[in-house]
Amino acid sequence: MTDTKSFSPEELRKLLRERFGLQDFQGPQLEAIQAVMAGRDVLLTLPTGGGKSLVYQLPALALDGMVLVVSPLIALMKDQVDALRAKGIAAQYVNSSLDGPERKKRLQQAARGELDLLYVTPERFRSPLFQELEASMPIVRVAIDEAHCISEWGHDFRPDYWRLGSVRRRLGGPPVVAVTATATPAVAEDICSSLAMQDPLVIRLGIERENLFLGVTEVDLAEEKVTILAERIAAMDGPGIVYSTLIRDLEALHSELRRRGIHSLVYHGKLSSVERRRMQERFMKSEREVVLATNAFGMGVDKSDIRFVLHAQVPRTIEAWTQEVGRAGRDGKPSWCELLYFKEDLAVQQNFINWSNPTREYLFSVYETLRGWGERLQIKDVDDLRDELLIKNRADNRVHLCLKWLEVLGVTEGSFETNNLELVRELEPGELPDFVGSEGKMRADLEALLGVAQFAGGKGGCRRVALADHFHLPPPDGPCGTCDLCTDAMAWRTERMIPRPLASEAATANESAAPILEAASSKPSFGAGVQESESDPHTKPKSKAGHSVSGTFASQQAKQSARRDSSSDAPADTRTRWERGDWVRIDGRHMGQIIRVEGEGRATRLIVESASDLRLRKVDPRRKRVERL
Ligand SMILES: [Zn+2]
């Protein structure tokens, strides 16, 4: 098996059929796989959903040894590995979601040569246990997922990725296969040089998905955005994502949609990891849920039926936008991607650029502050540090970036979050990479933002031509016919998209505050919270003042009563039960909506989304006064 060149295309196809259940390779997969098999370094840029992972997974089965996969996506590793194991492939992952003994067990498995694939986060290379065992691991290839994170010019640079070049050397220089969804020529070059690739095979493909409508709508007033977004969501059924940089914009939209009887999920970095995971799971399993999210949402979201991706804020780079809209329509069906362009948003993004580029002096002041605290460091937290550095804006992220650099460089160990942050050595001025805090980096970021503004302006004549220009890829032959500059946007949408269903006005006559049943599910199993989104009714609010909320849900009830009656295993008296969708007041003060009911009888717990801060809280109805509204 070690003679890698002995695999003919037919033999590789056989492996593909037998182990992955796929008939044939797509696009550049075979060419890339043959290069990986032959031990050549490979950089592959393929839109998400294009089958990048096969390019290292298949060689992992054919080669004698293990492929080490580096990925930043902790949330997805388990799913990826489970899918491989279900195919009988010896894959495993190691990340911070596992406890110490389990991590050790899996790393030892890898060291004994029992695995074909091992998935790790880049942070893992700093672990003493990994370092101890890595020499024993039969690593024949290193695969790097989301490789654009390596490039300091990329839109999602991560300090831990910056180390991967030296990690590769440390591992004895195995051939590397780097994959990402988007890379300009400059980013691609940066990836190759950071990883010290030798004569790499570079394959770059852009968005060639003709089912995606690409459009930009300029707005003159910030307030217009919410109206347009709410209209779009009502006009298009199916799962969708709305991106914004500002959490307050997402919350305003959430309220507006609720007013219109449309349920939405909110996802941002201020939610706990448990809440984020729950939101993501609900979205992944739903057929109709809309998620309002910051760009923290979506890396690795592989849901094929996303019907629209709307941007309420200008993204910081065309690469980021391309990657985000690329999440729509992977099933090949018509899907809508629209950017709302408001000139003043550029100022918001400039702030974010400043906050993501701390100067070297700033980084040293963070370090000096930590050093000045000495022993007291253990009782401090990140807010103390922000106060010390006079940071006023919550979105100012510089402190976190500086702490990350200190950690990656090995100057600190532990973290504020786990109350064990400590300085373990001194920071030498020369050890920071040159690009940290450099003028060039800041200028490049601002130029990238300007590129988005120019793209929004639409001077290119066709969105796809402009994108091809940006990525230095061949343009489409003639007008694409699926962008706002080539065709009538409204006509395209009305011809292809189905409006989100709304309850009939007549139904609102029923003013009952009775509980709402799930529309689609025939089984009132409320523990299955992830499914509730599929059955979320989207109803129009009643105009009657003061009753819009209960009116909304009362109308759903009327609409759905027929289904309830036909639901054979529904309990006889559902009125005494708490139902998903119920609006409740807790202890006479906090208003919220039940998004899930867990347990039964005395063990019943309500998962309530608070109307004030949109957070989820678990409520024991036997201990709290819960009134149905
Ligand atoms: Zn076009």
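Just so you know, all these numbers are worked out from the coordinates, no wet-lab data involved. What you see is a predicted model, and the numbers here were worked out from it, not measured in a lab. Here the Cβ is made from the backbone with ideal geometry for all residues, glycine too, and neighbour counts use every protein chain on show.
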Review point. Say each of Leu629 and Glu31 gets a label point 7 Å from the Cα, pointing the same way as Cα to Cβ; how far apart are those two points in nm?
Key: 5.8
Point to revise | the chain: angle of helix 74-86 to the longest principal axis, Cα-based, in degrees nearest 10 | key: 80
Review point. Using modelled backbone amide H atoms (1.01 Å from N, in-plane), which distant-in-sequence or interchain residues come within less than 5 Å of Ile139's amide H?
Key: Met66
Revision key, fill the gap. Share of Cα-Cα pairs in the range 443-498 beyond 16 Å, whole percent, is 52
Revision key, fill the gap. Non-local residues with an amide H under 5 Å from the amide H of Leu292, with H modelled 1.01 Å from N and Pro and chain starts lacking one, are Val242, Leu265, Val266, Tyr267
Point to revise | Expected-Rg normalisation [2.2 N^0.38 Å, Cα atoms] applied to the range 9-204 | key: 0.95
Review point. Cβ under 12 Å from Ala456's Cβ, Ala456 left aside: what net charge do those residues give with Lys, Arg +1 and Asp, Glu -1?
Key: -1
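Quick check: residue separation of Thr359 and Lys392 times 0.36 nm, minus the Cα distance between them. What number comes out in nm? Before the final figure, lay out the partial values.
Working: separation 33, 0.36 × 33 = 11.88 nm, distance 1.74 nm.
10.1 nm is the gain from fully extending Thr359 to Lys392.
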Exercise for review: May I ask you to compute the full-extension gain from Ala186 to Lys618, defined as 0.36 nm times their residue separation minus their alpha-carbon distance, rounded to one decimal in nm?
Suggested key: 150.7 nm
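For Arg248 and Gln23, what does the FRET efficiency come to when R0 = 45 Å and r is the distance between their Cβ atoms, rounded to the nearest 0.05?
Values: r = 49 Å, r/R0 = 1.09.
Result of the calculation: an efficiency of 0.40.
List the trypsin sites (Lys or Arg not before Pro) in the range 89-161 that DSSP assigns to loop (not H, G, I, E or B) and whose Cβ has at most 14 other Cβ atoms within 10 Å. Which are they? Intermediate results must be reported in sequence, preceding the final value.
Working: sites: Arg103, Lys104, Lys105, Arg106, Arg112, Arg124, Arg126, Arg141; in loops: Arg112.
Filter output for the range 89-161: Arg112.
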Point to revise | the range 5-35 residues near the modelled Asp64 label - backbone nitrogen below 19 Å, point 7 Å along Cα→Cβ | key: 5-8, 12
Revision key, fill the gap. Answer check: the range 358-436, Cα atoms, Kirkwood Rh, Rg/Rh ratio of 0.93
Exercise for review: Any chance you could give the angle, 0 to 90 degrees and rounded to 10, that helix 100-111 forms with the longest Cα principal axis of the chain?
Suggested key: 50
**Study point:** Label-point separation, Arg277 to Gln350 (7 Å along Cα→Cβ), nm
**Key:** 4.1
Study note, to complete from the structure: When the charge dipole of the range 201-328 is computed with +1 on Lys and Arg Cβ and -1 on Asp and Glu Cβ about the Cα centre, the Cα farthest towards its positive end, among Ile318, Val266, Ala328, belongs to Val266
Point to revise | Shape parameters for the chain, alpha-carbon atoms, Rg then Dmax in Å | key: 26.1, 76
**Study point:** Under-5 Å amide H pairs with Ile144, H placed in peptide plane, nonlocal only
**Key:** Val70, Val177, Ala178, Val179
Study note, to complete from the structure: Whole-Hz Karplus couplings 3J(HN,Hα) for the range 147-157, θ = phi - 60° and coefficients 6.51, -1.76, 1.60, Gly and Pro as x, run 5, 4, 5, 6, 7, 5, 8, x, 7, 9, 4
Point to revise | Degrees separating the helix 398-408 axis from the principal Cα axis of the chain, which is the longest one | key: 40
Practice item. Give me the percent of DSSP beta bridges within the chain that run antiparallel, rounded to the nearest 5. Key: 30
Review point. Taking R0 as 25 Å, what's the FRET efficiency between Glu10 and Arg85 from their Cβ-Cβ distance, rounded to 0.05?
Key: 0.40
